Each structure stands twice: as C-alpha cells, then as structure tokens.
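All remarks here apply to the structure that follows.
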Amino acid sequence: YTMGLLAVVVILLPVSIASAGTLSVLSLDSSRNIDVTTNSGFSVVRDDLLDPNLFGTSGIVPHTVQFLPSVSIFDATALQNVDVVVFTSTIFAQNELDALETFIQNGGGLFVFGNNISLLSSLVGAVSGGTTGSNTGFQVTDSSSPISTGPFGSLATGTSFPSGFYGFLNAVGP
C-alpha cells in the first residue's frame, strides 16, 4: 500500500563519507510515521540497501548500510553518529526541524519519501517551486546532472518515467 502512494523521493547523501565504511541510517518509528526500516511497503528499498552487491565493501557503492533502532523524535541526541535519516511525509516540531537542518549542514543525508517539498526545501536552503498533481511523469532534461548520473548508471536526456504528485525547486541554497 505504501509504495503506491509514494510520489517524491529526495536523496541527499552525506558529503562526509569519502571512503568505504558503514552508513548508519535512522528512521522515525511507527508512533510518528511509517517506519521505513520495518514497514512491508518498503521491503524492496530495504532489501536493495542491504544487498552487498549494491552496498558493501565489494558493492557498487563501497558502503554497507546499518539500520539503527527507530526513534520517535529527531533531535540532536538521536542524530548523533547517524549518516542518513529516512522518513516519509510527516509533521515536525520546530525543534526537530532545527535539529535536521543542523544535521544536514554538518554533512548528514536525507532519504525522503513524500510530497512535502516546502518542508524539504527549507531544510536544504532551497526555494520551493510548489507541487503538481500531474501524473504525466518526469523527463530527464540534463543527463550530466548528478541526479541523473550516479554509481548505478546514467539516464539519457529525454528519458521519462511515471510519477504521481511531485515538488520542484526554483533555487538551491547558498
């Protein structure tokens, strides 16, 4: 049920990870959100992140992934020793937003499923361009972009794929 509702995936990986090692991933627990580390709707994502052929010392990405015990709140204590936080659309208290912003500014990464582009844009210092409900999909317009080119391959200009609701950014941070 969850995967059918997912519309936007935002991935900002930590810039502080330069060599092989372990990526520590933290999720909100089911009291606040869909717990991505245990919910069956995210089993494909979890399986891919735990696949040693994809993520691991001999994988495409030379980092293993370790899921930490989920938490009910993102605060400075919970975010210590974390490389990536993962969550779906949720409502955050201001102290959580502050902690997430500091986490990102210090090189932490986000892996977000949802459609609250306004929240995400403020966390990464971007200007939200809004959202649309069009189901026409996305099309790659710049095949040299780091979003369309990565360790798993590249998408050619003109490549299209379906989507549901999505948000867009008009400008990105400083």
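The values are calculated or read from the model by the stated rules, or taken from the named source; none is laboratory data. Computed from a predicted structure; not experimentally measured. Ideal geometry is used to build each Cβ from the backbone, glycine not excepted, and the neighbour counts take in all protein chains shown. Surface accessibility is based on the protein's heavy atoms, side chains included, excluding ligands, DNA and RNA. Shrake-Rupley method; radii C 1.70, N 1.55, O 1.52, S 1.80 Å.
When you check residue 46 against the structure, is it of a type outside the set (Val, Ile, Thr), outside any strand (DSSP E or B) and open to solvent by less than 40 Å² (accessible area, probe 1.4 Å), yes or no?
Considered against the rule, which asks whether it is of a type outside the set (Val, Ile, Thr), outside any strand (DSSP E or B) and open to solvent by less than 40 Å² (accessible area, probe 1.4 Å), residue 46 comes out as yes.
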Margin query: Filter the range 32-42 down to the residues that are open to solvent by 40 Å² or more (accessible area, probe 1.4 Å) and either part of a helix (DSSP H, G or I) or modelled with pLDDT of 90 or more (or both) and list them by number.
Written below: 40
Note to self: Out of the residues in the range 53-69 meeting the condition of being open to solvent by 80 Å² or more (accessible area, probe 1.4 Å) and within 26 Å of residue 34 (Cα to Cα), tell me which one is farthest from the chain's Cα centre (by Cα).
What the structure shows: 69
Note to self: I'd like to check something: does the range 102-120 contain any residue that is hydroxyl-bearing (Ser, Thr, Tyr), modelled with pLDDT of 60 or more and touching a Leu at 6+ places or on another chain (Cβ under 9 Å)?
What the structure shows: yes
Margin query: Where the second residue is at pLDDT below 80 and loosely packed, with under 10 Cβ neighbours inside 10 Å and the first is outside any strand (DSSP E or B) and lies in the range 151-167, which pairs have Cβ atoms under 6 Å and are six or more apart or on separate chains?
Written below: 165/133
